[in-house]
Amino acid sequence: MNNYLLKQFWRNKAYILSLLLLFFAGLMAIYTGKKFLDKNQDIIAKSASYQKQSIDKTVKYHSDDLGLILYYIKFNLVNETPRLSALNIGLRDINPSIQGVTIRNLEEQRYNSDFYNPANAAAGNFDFSFVLVFLFPLIIIAFCFNMISEEEESGRWKLLSVQSKNLGKLIDAKMLIRSMAITAVYVLLLIIAKVWVNIPIDANFLAFAALGWLYLSFWFALCRWIISFRRSSGENALILLVVWVGMNFIVPMSSNIIIQKNYPVNESLDAVMQQREGYHTKWDEAKKPTMDRFYKVYPQYKNYKVEETASSSWVWYYAMQHMGDLESSRSSVNYRQKMKMRNEAASLLGYIFPNIQLQLATSALAKTGMENHLEFAEGLRAFHENKRLSFYTPIFSGASSQTIDWNALKVEDFKTSDRIDILKMFLPIISLIFLLLILSQFKYRKLC
């Protein structure tokens, strides 16, 4: 019987065409991810050269003033971009993987990036995760929606009831064949991605692959439950498509609106404005209050005094710059907290909706999600402070630019931990699969 079902499946040209369509869509998605990764790596590779050229030119034209040299020079910090990010581009398309900052105020520089079309950013990229979340379920629905109803509508169901002692096993065998075909395409695409993009086979890649397969299994389990009610083919198809649209569009969009309303984020603009006002107003104020606050934060620089009558002073200038960051620090902290709260709210939805769980989990594995973005922002803050403090002393003491080893100033990398919370990542979707299998099993008993 199984051989007959297998031949029956492969003789259906519509099924073969669907699998080929899915395969080529997956290839295009992998190509999109590889192009993104190549472009990103090209920018990172050139950043070291651009930084060195910038330093050489600035030192050449302003060699007599170290404070002025460091006013212009940018230091680049690179956010590690794993090869796995080719399969899930996530937020990396709008949040740059490399950030250059001077030792001046940070808040204004944090938001310097390329402009993007908001409509394109909202739609996201056609990467492998897009194909996995949106296209694979459609093919699974097309394969499974009429497995029982087709037999009933053609009049073969009664004949099968007489010949088979367990119709549930027959339906499961048909579903297993479809599951194996879909899994074969999925595994083949992952193998191609691994070879083409040169993705290392590590824990993150294996977790990514396992999560994707569980997501496909969820849709098969859902189809098994829906068709067990023995409605007509049209009703089954309509119900499954409504679920697909609801899960992938209505729920995420409405949830996003609710999350944005509950956690409005205006602090990024506030931080920039407060920083600018905090810095620019210092030009019209007495120098002593600014310096007193600066010395309070950094008592190690108390020996570098600034006269009130001084027409210019790098000590006072960089103190003003840092005061701008301090006066916007509350807004900056609020921004980070609200972004974390937004991410946590989305994670809660992932416990119910596997498509959201898959996107959050795979972006975490590929280091392209909101958590990585926030960690990189903290890393950039520490990097900026380290650079500032390392140059304050030579600038404030009036050291010559020749005392600095400019060749030692290289592009630095930022890396996050590879820790994976297996339970949090896999348990929600596994629980949903078991729930659907149990519910459908009650209905399958009545098929016998």
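The values are calculated or read from the model by the stated rules, or taken from the named source; none is laboratory data. Because the structure is a prediction, the values reported are computed rather than measured. Because the Cβ atoms are built from the backbone with ideal geometry, glycine has one as well, and the counts that use them run over all protein chains shown. Surface accessibility is based on the protein's heavy atoms, side chains included, excluding ligands, DNA and RNA. Shrake-Rupley method; radii C 1.70, N 1.55, O 1.52, S 1.80 Å.
Annotations for the structure displayed:
- Counting only DSSP H runs of at least 4 residues, each contributing -39500 (n - 2.57), and dividing by the residue count of the chain, the helix-based mean residue ellipticity at 222 nm comes to -22500 deg cm²/dmol.
- Separation of the stretch 418-436 and the stretch 35-66, taken as the distance between their Cα centroids, equals 44 angstrom.
- When you count the other C-beta atoms within 10 angstrom of each residue and take the mean per peptide, 345-353, 151-159, 177-185 line up highest first as 177-185, 345-353, 151-159.
- Atom-type composition of the exposed protein surface of the chain places 60 percent of the accessible area on carbon and sulfur (1.4 angstrom probe).
- Proximal lysines relative to Lys35, as straight alpha-carbon distance under 17 Å, when same-chain residues fewer than 8 apart are discounted: Lys46, Lys194
- Accessible-area value, Leu189, 1.4 Å probe, nucleic acids and ligands omitted, Å²: 0 Å²
- Solvent accessible area, Å² - Cys223, 1.4 Å probe, full protein context: 0 Å²
- Backbone amide hydrogens, once placed in the peptide plane, bring Phe75 within less than 5 Å of Val101, Thr102, excluding anything fewer than 5 places away on its chain.
- Per residue accessible area in Å² of the chain, where ligands, DNA and RNA are left out and the probe is 1.4 Å: 52 Å²
- Other residues whose C-beta falls under 15 angstrom from the C-beta of Asn407 contribute a net charge of +1, scoring Lys and Arg +1 and Asp and Glu -1.
- Long-range HN-HN contacts of Ile98 with modeled amide H, under 5 Å: Asn79
- Mean Cβ neighbour count within 10 Å, used as a protection proxy, ranking 37-49, 402-414, 226-238 highest first: 226-238, 37-49, 402-414
- For Lys287, net neighbour charge (Lys/Arg +1, Asp/Glu -1) across residues whose Cβ lies under 14 Å away: -1
- The stretch 162-269: C-alpha gyration tensor shape, a/c 1.5 cut-off, then a/b vs b/c: oblate
- When Thr32, Thr290, Thr416 are compared by accessible surface with a 1.4 Å probe, the order from highest to lowest is Thr32, Thr416, Thr290.
- If you sort Met320, Met273 by accessible surface, 1.4 Å probe, largest first, the order is Met273, Met320.
- For Val411, no residue 5 or more places off, or on another chain, has a built amide H under 5 Å of its own.
- Ranked by the mean number of other Cβ atoms within 10 Å of their residues, highest first, the peptides 277-289, 331-343 fall in the order 331-343, 277-289.
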